[in-house]
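Written out below as structure tokens is the structure these notes cover.
The values are calculated or read from the model by the stated rules, or taken from the named source; none is laboratory data. What you see is a predicted model, and the numbers here were worked out from it, not measured in a lab. With ideal geometry, Cβ positions are generated from the backbone for all residues, glycine too; neighbour counts draw on all protein chains shown. Accessible surface areas use protein heavy atoms only, side chains included; no ligands, DNA or RNA. Shrake-Rupley method; radii C 1.70, N 1.55, O 1.52, S 1.80 Å.
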Amino acid sequence: MKAFFDELKKDHKEVKDILEKMKSGSQSAEKTREKLFTKLKEELVPHMKAEDATFYQALLKTKNGRQHAMEAKEEHDLTTLVCRQLEEIPAKEEVWGAKLKVLKDLVEHHIEEEEKEIFKLAQKEMEKEDFKQIMQNFQQEKEKVKSELS
Ligand SMILES: [Fe+2]
């Protein structure tokens, strides 16, 4: 169980680091922004999709976790939507930076909620024995989505 949440947290850290770099590089060349954005999507999208398909799918079936799982999935959808919008706007546009800031706030808020509330709740609501399978499925799903993206 701990191993699974540690793995999610590792992914979160990766995403947060990229977002920080994007922030500090906001004045820098368009190419750097675009490169970092591509990297961000490569980390974020497979992670969210795999979480939805495995962890949240299981949390949805619990009595006290259902509402949290639904909200988290909605936040994933919003994140995906903002990413798609960023893809359609040239990175040199002023609005790109504004949307990026919204994405950063959204993702940071979401990660904090997962790490501070949802993971703890899940440990109470879900069976310890189920996590080995969830972790395996999560890794498989993440790789699958990654290969589809590339
Ligand atoms: Fe998430």
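At-a-glance table
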quantity: Residue ID - most open to solvent (accessible area, probe 1.4 Å), chosen from residues in the range 40-81 that are within 14 Å of the ligand (Cβ to nearest atom) and of a type in the set (Asp, Glu); calculated: Glu74
quantity: From Glu87, Glu108, residue being at pLDDT 95 or above, closer than 25 Å to Glu148 by Cβ and charged (D, E, K, R); calculated: Glu87
quantity: Residue count for the range 1-28, restricted to those that are more than 16 Å from the ligand (Cβ to nearest atom), farther than 30 Å from Lys128 by Cβ and open to solvent by less than 60 Å² (accessible area, probe 1.4 Å); calculated: 4
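Yes/no per residue for (1) open to solvent by 80 Å² or more (accessible area, probe 1.4 Å); (2) within 15 Å of the ligand (Cβ to nearest atom); (3) over 16 Å from Val15 (Cα atoms):
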position	(1), (2), (3)
Ile89	no, no, yes
Trp96	no, no, yes
Lys120	yes, yes, yes
Gln123	yes, no, yes
Met126	no, no, yes
Phe131	no, no, yes
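Residue-wise test of (1) without any contact (Cβ under 8 Å) to a residue 60 or more places away in the chain; (2) at negative phi; (3) touching a helix residue (DSSP H, G or I) at 6+ places or on another chain (Cβ under 8 Å); (4) not in a helix (DSSP H, G or I).
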residue: Lys63; (1), (2), (3), (4): no, yes, yes, yes
residue: Met70; (1), (2), (3), (4): yes, yes, no, no
residue: Leu78; (1), (2), (3), (4): yes, yes, yes, no
residue: Gln85; (1), (2), (3), (4): yes, yes, yes, no
residue: Ala91; (1), (2), (3), (4): no, yes, yes, yes
residue: Lys124; (1), (2), (3), (4): no, yes, no, no
